[in-house]
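All remarks here apply to the structure that follows.
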Amino acid sequence: MTTTPTTAAPSSVSPERVSEPSAADLASGKAITLLQRVIMPRPGDPLKVRSLYVDEARAARVKSPTRGEAVVAPGNEASFATYFNAFPASYWRRWTVLRNVVLGLEVSGPGRVDIYRSKADGSVIHVTGATTDGDRRTLEFELDLTPFEDGGWYWFDLTADDGALTMHRAHWSAPQAPAEDARLSIGICTFNRPTDCVAALGALAGDPVVLDQIDRVIVADQGSKKVRDDGGFPDVEKELGERLLLVEQPNLGGSGGFSRTMYEMLRSTDATHHILLDDDVQLEPDSIARAFAFARFAKRPMLVGGQMLILQDRSVLHTMGEVVARDKFFWRTAPNTEYAHDFAKKSLRKSPDLHRRIDVDYTGWWMCLVPRAAVEQLGLALPLFIKWDDAEYGLRAGEHGFPTATLPGVAVWHLSWSDKDDTAGWQAYFHTRNRLVAAALHTPHKRGGRLLLDTFKFDLKRLIMLQYATAALHQRAYDDFLAGPDRLFPLLPTALPTALEHQGDYPDGQVVDSSSDLPLPSMGAIKAERFMKPPTTPLTIGRTLGAALVHNLRRPKPEAAERPQMNISSQDAQWFLLSRLDSATVGLPDGRGVTFRRREPDTFWRMLRHSLRVHAQLFREFPRLKEQYRSHMHDLTAPESWEKAFTADGGTAGR
């Protein structure tokens with residue numbers, strides 16, 4: 001450990017920006033390359049959001065004249081054992097060449113700086129510290145990364161004595177430079193969210209540290225509401241200057257938009273790393289710099305993902321990372337992760353489950369850094385429109401020696417999945433077809449393991465829940481998967497319009513503004529409450545399922561077609577409840593309406609028979625389909641193949 005006191009003149013920084021350590025700062029003592037700035041909340045951020053930046057449990061509110069400064073009141077203590085300001089040492093230990101990290105602080109006022117680390121089980125160890133007096137000085141601590149193979153963080157606390165203690169700026173840095181020069185490009189895919197996209201561009205342009213690291217920002221605009229027509233676009237266009245490349249093309253979904261940005265990165269830049277960024281995110285700009293720094297020090301080229309914070313509840317970490325369960329080929333949270341952790345309720349220091357390093361198969365494309373070497377070797381995304389494109393790319397990368405890490409402290413705020421059910425409605429088509437395509441390419445099992453049993457169970461569940469429109473979209477997905485890989489590119493521009501066109505073929509696909517637009521339900525709340533008791537044992541589950549099948553042998557009550565038997569909220573719409581009913585209104589997850597579901601026995605049995613037949617066909621033909629899809633992988637992902645899709649129907653080369 002090294003501490004080096006120096007004096008420096010005060011800096012003037014906009015409250016919306018975080019100061020960068022100067023070249024002199026990084027050259028002095030041990031620090032050479034900036035890895036992660038210590039950042040404070042934005043002015044006006046509520047207490048919940050502040051918990052991501054500073055733990056004020058043992059302090060009066062810490063004042064922040066700028067986003068890089070913190071003033072601790074006399075006699076108080078503030079901890080930076082927080083999501084955005086602690087240093088995720090175990091990830092740097094596991095994936096990078098670094099064996100030491102330098103914490104640098106510029107402070108003034110009387111007090112102490114104390115450095116702590118955690119172990120994989122969350123236990124805390126005091127490492128070192130230093131006292132401060134009234135003079136402005138720089139402290140540097142060189143810290144060992146060796147003890148972090150399985151997990152753990154570094155952080156620091158500030159304690160003020162009889163006067164205020166001010167941290168003017170702080171940063172985590174590397175005591176060495178990366179082995180090679182690196183250049184960064186950003187790719188944003190957007191569809192009819194011009195204001196959100198311009199806001200993301202403004203966040204990139206408004207941070208001098210981040211902007212200085214970006215060589216090119218590529219926007220793939222696929223909507224009818226153009227980014228270039230947004231009122232804020234001229235300003236960000238001016239700020240980004242020649243860095244900005246805006247391309248317009250038909251709506252080819254997320255896979256087509258992100259593939260376009262990767263294609264343009266290969267064609268028109270010499271960037272060594274490319275970050276895919278969703279358009280509807282709120283961005284903490286330093287996340288961009290952190291992901292880029294991590295990739296520059298990685299032992300080998302790798303994908304670096306940002307974690308997801310909930311935009312509607314901004315102190316909540318929605319997902320840390322995900323894997324694909326190979327037995328039934330479905331995504332799930334990675335082992336040893338905590339789902340929906342609220343830092344406003346439980347700080348990092350008090351959350352043992354957040355200290356263990358996790359390993360993932362892929363990262364969502366709300367924020368994902370991909371090295372150029374991976375794109376050159378792997379190609380672009382599969383032409384899947386939406387769903388499974390990011391998961392499949394991560395699996396493909398791993399099979400070719402490019403690992404993935406989702407790095408704590410690198411994150412975006414994004415709408416959570418809890419406010420939507422994208423396994424129902426038109427998106428069910430893409431979920432089902434693309435899951436089968438990804439499985440054909442990557443499953444280790446001859447016939448997909450438990451995959452086909454699982455998809456059949458999904459069909460049966462949707463039919464029991466009176467979701468005939470969703471079941472019909474599943475059937476369309478099976479047919480298009482069976483048609484083979486040659487159908488993927490031709491379907492790319494038409495799959496969404498077709499799914500939307502047929503979503504309303506059945507009552508469950510038609511949205512009603514409110515249940516108040518329909519007659520009052522015929523069943524009372526007491527009976528509804530009795531129906532809500534879930535079966536929990538194999539016997540009761542089997543009995544309930546058998547009763548549902550028998551129920552579909554009977555004709556529905558005639559009055560149920562016009563008058564729902566129940567009004568059911570989205571969270572209560574369970575199979576064991578709906579299987580007992582002839583009709584019900586079911587709320588949408590976003591609360592913006594209801595669907596009036598009505599039982600149709602003829603439709604139920606026709607679709608169930610079709611599902612049995614097509615699953616028997618899938619079981620017979622899966623080995624052949626695996627071979628066929630795998631032999632077409634290059635053609636499906638090659639930039640030359642995608643180029644034809646980009647320029648069809650009026651796509652532009654860019655500006």
If the label point is 7 Å along Cα→Cβ of ASP342, which residues in region 563-582 have backbone nitrogen under 18 Å from it? none
Please give the helix 427-442 orientation as an angle from the longest Cα principal axis of the chain, in degrees from 0 to 90, rounded to the nearest 10. 70 degrees
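Going by how many other beta carbons lie within 10 Å of each one, how would you line up LYS533, LYS350, fewest first?
Fewest-to-most Cβ neighbours within 10 Å comes out as LYS533, LYS350.
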Furthest towards positive pole of dipole, VAL101, PRO43, PHE148, structure part region 23-174, Cβ charges: PRO43
By a straight-distance test (C-alpha under 13 Å), which aspartates and glutamates pair with LYS446 as possible cross-link partners, with residues fewer than eight away in the same chain excluded? ASP327, GLU621, GLU627
Averaging sequence separations of C-alpha pairs under 8 Å and six or more residues apart, then dividing by the length of region 23-174, give the relative contact order as a whole percent. 34 percent
Going fewest to most other Cβ atoms within 10 Å around each Cβ, ASP229, ASP207, ASP480 line up as ASP229, ASP480, ASP207
With Cα atoms, 0 to 90° folded angle of helix 389-399 axis to the chain main axis: 70 degrees
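Size of the dipole of region 23-174 about the Cα centre, Lys and Arg at +1 and Asp and Glu at -1 on the beta carbon, nothing else charged, in debye to 20? Walk me through the numbers before you get to the answer.
Values: 18 positive and 19 negative charges, 101 e Å.
Roughly 480 debye, rounded to the nearest 20.
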Using the structure shown, list the pairs from LYS48/LYS350; LYS48/LYS533; LYS345/LYS457 with a Cα-Cα distance above 26 Å, or answer none. LYS48/LYS533; LYS345/LYS457
For a Förster distance of 41 Å, can you work out the FRET efficiency between the beta-carbons of SER268 and ASP590, rounded to the nearest 0.05? 0.60
Please state the shape class of region 202-295: rounded when a/c is under 1.5, otherwise prolate if a/b exceeds b/c and oblate if not, all from the C-alpha gyration tensor. oblate
Hey, what's the Kirkwood Rh for the chain if you take every pair of different alpha carbons, in angstrom? 26.9 Å
Stretchable slack from ASP313 to ALA616, in nm (0.36 nm times residue separation minus alpha-carbon distance): 104.6 nm
Using 7 Å Cα-to-Cβ label points, what is the ARG332/ALA179 separation (nm, one decimal)? 3.7 nm
Using a Förster distance of 30 Å, how high is the FRET efficiency between MET523 and GLN475, based on the Cβ-Cβ distance and rounded to 0.05? 0.45
Span per principal axis, largest first, for the Cα atoms of region 280-327 (Å): 38, 36, 17
Putting +1 on Lys and Arg Cβ atoms and -1 on Asp and Glu Cβ atoms, find which of LEU240, VAL324, ALA340 reaches farthest to the positive end of the dipole of region 230-346. VAL324
Theoretical gain in end-to-end length, ARG530 to GLN282 [0.36 nm per residue, Cα-Cα removed]: 85.0 nm
What is the gain in length, in nm to one decimal, between HIS126 and ALA73 on full extension, counting 0.36 nm per residue of separation less the C-alpha to C-alpha distance? 16.8 nm
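Throughout, read-outs are computed from the coordinates displayed, never taken from laboratory work. These numbers were taken from a predicted model, which means no experiment stands behind them. As a convention, Cβ positions derive from the backbone with ideal geometry for all residues, glycine included, and neighbour counts pool all protein chains shown.
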